[in-house]
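K.L.:
Questions regarding the structure given below will be posed in turn.
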Amino acid sequence: MKKYFGYTNKYIRVNLTKKQISVLSTPLDWQDNFLGGSGFGIKTLWEEVPANTEPLSEQNKLIIATGPLSGTVWPSAGRTAIISKSPLTNIYGDANSGGFFAPELKFAGYDFIVIEGKSKEPVYLFIEQDEIKLLSAEHLWGKNTFETEEIIRKTYNDDQIKVLCIGPAGENLVRYACIMVTYGRSAARSGMGAVMGSKYLKAIAVRGYGKVEVWKPEKFYASAKKAQNMVRTNEFTEGESKYGTPALVELMNEIGRFPTRNFQQGHCDYVDQIGSQRLQKEFVTRHLACFTCPIGCDKYYTVSKGPFSGVTTVSLEYESISALGSKCDNSNLESIIKLDRMCNEYGLDTISTGGVIAFIMELNEKKLVSPKQFDGHDLSWGNYETMIELVKKIAYRKGCGDMLAEGVARLSKMLGPKTEYYAMHVKGQEIPAQDGRAQQSMGLAQVTSTRGADHLKGFPTIDETGYPGEAIKRYGKDKLPEIVDGTKIKYKPMVVKDGEDFCAVIDSSVVCKFGTMFPPALYWEELAEGIKYATGMDIDEYKLKKIGERIYNLERCYDILCGIRRKDDTLPQRLLKEKSPSKRAKGHVVYLEEMLNEYYELRGWDKSTGIPKKDKLIQLGLTDAAEKIQKLKL
Amino acid sequence: MYLYIDFEKCRGCRTCEMVCSFRWDKSFSPTRSAIVVFKNEKEGKNFPIVCQQCSKPLCMEVCLNGAITKDEKKGVVIHDVEKCLGCKMCVLSCPFGGIGYVAELGVARKCDLCQTYSLEPAVAQCEKMCPYQAIKVLKEEEISSYVKKEIYNRIQKLGKHYETLIR
């Protein structure tokens, strides 16, 4: 029988209701058509989770997936893809984390895990090669994510066990609870942690002693070496390596893309206080890296002075600094580190958590709510003491935290229509630290993302601060200068579509967007070569593009079945009507409609409904999707 | 020769494990690597563990079948897999955990700085691929001065504190 290398060709299916564990063969046609990672995720959802499924019910499923490059020497191949129907957006949801979990799962002998059903009492899944057990997690329930990982490791007296788990936020079904993956890294978005919590699944622990074999070892090794070298020598790698994503704080503030006071503006006046320069000087105590990563953006931060002295955190990202900092107008970096640590302990998505708090702080400023509605907390901008209290309350759904745990979109419904203007979300998911008014491509990408507001599904970086060298390499010299101008919309729909297809492949391989999208070192050609030599698939750039497009279209089809149409492909009015006062974005809004029309055209989606056209789906081999969509009453 | 590891530069990415297991078996597996990075994630620390290439190797002493020898000229402790009985005495005797055991093959495995790897010239593959230059192969005569220089650099980083030390 035909078999691909690069995979373990086995996967685990766990039914929590029946307490049944089975090991099955990874379907060959899934590998051919969906590659792995989030590709396997959407395929499973499509086949097994009807679109009308209530995300926190027994019927929803959770997929944890690796890809053909996981657990090899390919640069930055340590990421884990997690997919489910999202309790935050009620559509397709996925999240993706760095760390070491996916490689360990591959070494244990599995390509992915499907979790279905619902346990009656807290359990955790333990995988050690052929030994797969569901064990009681009564003693872990209520513990924070760091404690959970530590207790499991102590139980087996093995520090090399890799754990992914939820904290109290996931247990309490906070709609934007995350899954923490191997100590401080987070599969944050879409509320994947709440899905785990709803199933009473506290953690998955894995230890593997096996190996990953590739099709043409020497050729694969040579391509990986070449790829690693391309990443290492890229001009942007050094900065990323030294400062990590916080380097963006200064950069994005400079171009007016750094959301401040709930997107009132795209810059703050205290960038020196919360930027990467200060972080590096005062707080970075160690540099770390995820599995096989030559960039190493991960850092270990320690606060050594002041009221937060002794607080440590790992991987404090640009996004978290914005969400827990500037979005709430909080200029106290020590408190941002503390808040980040708390979110990691409780298992909360920092972007959504900060988004929710920024939302009510603005409502307070506009006198649309009173502190009384929020347990009397002082909701003035930048009050980090309030923020610390609120984060705790959200995680445990205590007091007003119960309301805040529902996310911006639902909260706005509860607080009345006047608050809608300030609810910065797309399809129910809070908008990350990327103000589209300063970068049009990002404005579009937030809208066309299949998991609601998000920067990583399309991750356009070419016009961020402008990378002409890479733009020429990827899209041709004739596209300059517009393509690298963040305020221009020309070529941006093409860039976003290409980015989405490429990111779909990245999330299915599963590698990191660093090294691929930013620094923009590896592209279709390199990935196609790596996947080919790893797996033995008959694959080239063209075929890989088709896989990316197929995955993205199937995700879109799932959203369509969930009720998403063109009317939902939009941004909050603020970003469409209110001109940005900041830097290069000054005077600009997101020019969405024009970009969207062109985007649908490029995608082969219907312009009035936003539904993928039948011939497009058939051309991608998604006949089944074409039929299901056809049957919808429109 | 000696595989010097700068613990401060090591970020714990484990590329060396992948490179090393590939060098031996043409596949990727941490348990088949002669170098292993232990991680203390709580404190953000990484501890790569590998053979120290001892001058009087205990592993060589305890080997019942003469599978371990010392190449005195190069200063490398070499393990002959053909002679290995898989008794694990070397694994147990090494105070540094420098020798591993490959369950699938039933033999010990240790770092020989790629001296028996069929590539010409024999260069330690992990040194070449470590993204953070945390690994450096030192010749016998370099070891002392190199390590001293590294430690000198580290102390200097202490800045003012260092000045008070030397005053």
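The values are calculated or read from the model by the stated rules, or taken from the named source; none is laboratory data. What you see is a predicted model, and the numbers here were worked out from it, not measured in a lab. Because the Cβ atoms are built from the backbone with ideal geometry, glycine has one as well, and the counts that use them run over all protein chains shown.
K.L.:
Kindly establish whether A:N344 is within 14 Å of another protein chain (Cβ to nearest Cβ), under 26 Å from A:L411 (Cβ atoms) and buried (at least 22 other Cβ atoms within 10 Å of the Cβ).
P.N.:
yes
K.L.:
Tally time: how many residues in segment A:209-224 are more than 7 Å from chain B (Cβ to nearest Cβ) and farther than 16 Å from A:N9 by Cα?
P.N.:
Number satisfying all stated conditions: 7.
K.L.:
For segment A:536-569, name all the residues that are surrounded by fewer than 23 Cβ atoms within 10 Å (Cβ to Cβ) and of a type in the set (S, T, Y).
P.N.:
A:Y542, A:Y558
K.L.:
For segment A:414-460, name all the residues that are in a loop (DSSP other than H, G, I, E, B), polar (S, T, N, Q) and within 22 Å of A:I360 (Cβ to Cβ).
P.N.:
A:Q434
K.L.:
Could you tell me which numbered condition B:K73 fails, if it satisfies all but one of (1) touching a residue at least 24 places away in the same chain (Cβ under 8 Å); (2) more than 14 Å from chain A (Cβ to nearest Cβ); (3) more than 29 Å from A:Y533 (Cα to Cα)?
P.N.:
(1) is the only condition that B:K73 fails.
K.L.:
Please work out which residue is farthest from the other protein chains (Cβ to nearest Cβ), limiting yourself to segment B:16-51 and to residues that are modelled with pLDDT of 95 or more and assigned to a loop (DSSP other than H, G, I, E, B).
P.N.:
That would be B:C51.
K.L.:
Here is a follow-up. Among (1) crowded, with 18+ Cβ neighbours inside 10 Å; (2) out of contact with any helix residue (DSSP H, G or I) (no Cβ under 6 Å at 6 or more places or on another chain); (3) more than 14 Å from every other protein chain (Cβ to nearest Cβ), where does B:C59 come up short?
P.N.:
(2)
K.L.:
As an exercise: evaluate A:G99 against (1) assigned to a loop (DSSP other than H, G, I, E, B); (2) in contact with a Gly (Cβ under 7 Å, 6 or more places away or on another chain); (3) farther than 18 Å from A:C178 by Cβ and give the number of the one condition it does not meet.
P.N.:
Among (1) assigned to a loop (DSSP other than H, G, I, E, B); (2) in contact with a Gly (Cβ under 7 Å, 6 or more places away or on another chain); (3) farther than 18 Å from A:C178 by Cβ, A:G99 violates only (3).
K.L.:
In segment A:516-533, which residues are crowded, with 24+ Cβ neighbours inside 10 Å and under 22 Å from A:I83 (Cβ atoms)?
P.N.:
Of everything in segment A:516-533, those that are crowded, with 24+ Cβ neighbours inside 10 Å and under 22 Å from A:I83 (Cβ atoms) turn out to be A:T516, A:L527, A:I531.
K.L.:
Considering segment A:461-473 alone, what residues qualify as being part of a loop (DSSP other than H, G, I, E, B) and of a type in the set (V, I, T)?
P.N.:
The answer is A:T461, A:I462, A:T465.
K.L.:
Among the helices (runs of 4 or more DSSP H) confined wholly to segment A:133-249, which include 2 or more residues that are touching a residue at least 24 places away in the same chain (Cβ under 8 Å) and among the aromatic types (F, W, Y)?
P.N.:
A:145-156, A:217-233
K.L.:
Here's something else I'd like to know. Among the candidates A:V195, A:V249, A:V206, A:V271, single out the residue that is of a type in the set (A, V, I, L, M, F, W, C), touching a Leu at 6+ places or on another chain (Cβ under 6 Å) and away from chain B (no Cβ under 14 Å).
P.N.:
A:V195
K.L.:
Moving to a separate point now. Condition test on B:L105, is it within 14 Å of chain A (Cβ to nearest Cβ) and either more than 25 Å from A:I152 (Cα to Cα) or at pLDDT below 95 (or both)?
P.N.:
Against the criterion (within 14 Å of chain A (Cβ to nearest Cβ) and either more than 25 Å from A:I152 (Cα to Cα) or at pLDDT below 95 (or both)), B:L105 qualifies.
K.L.:
Report every pair of residues separated by at least 6 positions or lying on different chains whose Cβ atoms are under 9 Å apart, first residue within segment A:329-342 and over 23 Å from A:E147 (Cβ atoms) and in contact (Cβ under 8 Å) with a residue 12 or more places away in the chain, second polar (S, T, N, Q) and in a helix (DSSP H, G or I).
P.N.:
Close Cβ pairs (under 9 Å, with a partner that is polar (S, T, N, Q) and in a helix (DSSP H, G or I)) amount to A:S331/A:Q273; A:N332/A:Q273; A:L333/A:Q273.
K.L.:
Does B:G66 meet the test of being at positive phi, more than 14 Å from chain A (Cβ to nearest Cβ), assigned to a loop (DSSP other than H, G, I, E, B) and surrounded by fewer than 16 Cβ atoms within 10 Å (Cβ to Cβ)?
P.N.:
For B:G66, the condition - at positive phi, more than 14 Å from chain A (Cβ to nearest Cβ), assigned to a loop (DSSP other than H, G, I, E, B) and surrounded by fewer than 16 Cβ atoms within 10 Å (Cβ to Cβ) - is met.
K.L.:
Which of (1) in contact with a strand residue (DSSP E or B) (Cβ under 7 Å, 6 or more places away or on another chain); (2) within 14 Å of another protein chain (Cβ to nearest Cβ); (3) of a type outside the set (A, V, I, L, M, F, W, C) is the odd one out, the single condition A:S86 does not satisfy?
P.N.:
Answer for A:S86: the failing condition is (2).
K.L.:
OK, next. Given the options A:D298, A:D329, name the one that is among the acidic types (D, E), within 14 Å of chain B (Cβ to nearest Cβ) and within 25 Å of the chain's Cα centre (by Cα).
P.N.:
Of A:D298, A:D329, the one residue that is among the acidic types (D, E), within 14 Å of chain B (Cβ to nearest Cβ) and within 25 Å of the chain's Cα centre (by Cα) is A:D298.
K.L.:
If you go through segment A:102-121 one residue at a time, how many are part of a strand (DSSP E or B) and not acidic (D, E)?
P.N.:
Total satisfying the criteria: 4.
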